[in-house]
1. Give Ser94, Ser113, Ser78, Ser103 a once-over and let me know the one that is touching a helix residue (DSSP H, G or I) at 6+ places or on another chain (Cβ under 8 Å) and either small (Gly, Ala, Ser) or without any contact (Cβ under 8 Å) to a residue 12 or more places away in the chain (or both).
2. Select from the stretch 37-75 the residues that are out of contact with any Lys or Arg (no Cβ under 9 Å at 6 or more places or on another chain), among the charged types (D, E, K, R) and at pLDDT 95 or above and list them in ascending order.
3. What are the pairs, 6+ residues apart or on separate chains, where a residue within the stretch 43-66 that is more than 24 Å from Glu29 (Cβ to Cβ) has its Cβ under 7 Å from a residue that is among the acidic types (Asp, Glu)?
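The values are calculated or read from the model by the stated rules, or taken from the named source; none is laboratory data. All values derive from a computational prediction rather than experimental measurement. So basically every Cβ, Gly included, is an ideal-geometry build from the backbone, and we count neighbours across all protein chains shown.
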Amino acid sequence: MSPITTHVLDTSLGEPADGVVVTLALLDEHDAPTAVGHGVTNEDGRVTTLLPPGEATPGVYRLTFETTAYFARTHRESFYPRIEITFHLTDGGSHYHVPVLLSPYGYTTYRGS
């Protein structure tokens, strides 16, 4: 499994958000991103293949969730065209899980397990 994973739940529907495009980028010292992983949430709302197992290096990463297309497929408007979550990975040997609780007009995130 990837050392960085995510899970998107649509709290307005009470179910996983299937089909959300997710990009993982590593930021340099000037916050310039380099894409290092890409995926689409599965029927359970998860992406577990952003990086090959054991290939995370410490640094600042950004997960970008393309929410406009997801909400358009479900015939709903959304206030946020995308969600960008920036986080600091300090231990390349650890697992970092970043869940997102999503609705058309808000979102919440945290470091999961």
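1. After ruling out the rest, the residue left standing is Ser78.
2. Correct list: Glu43, Asp44, Arg46, Arg62.
3. Cβ pairs passing all conditions: Glu43/Asp18; Gly45/Asp18.
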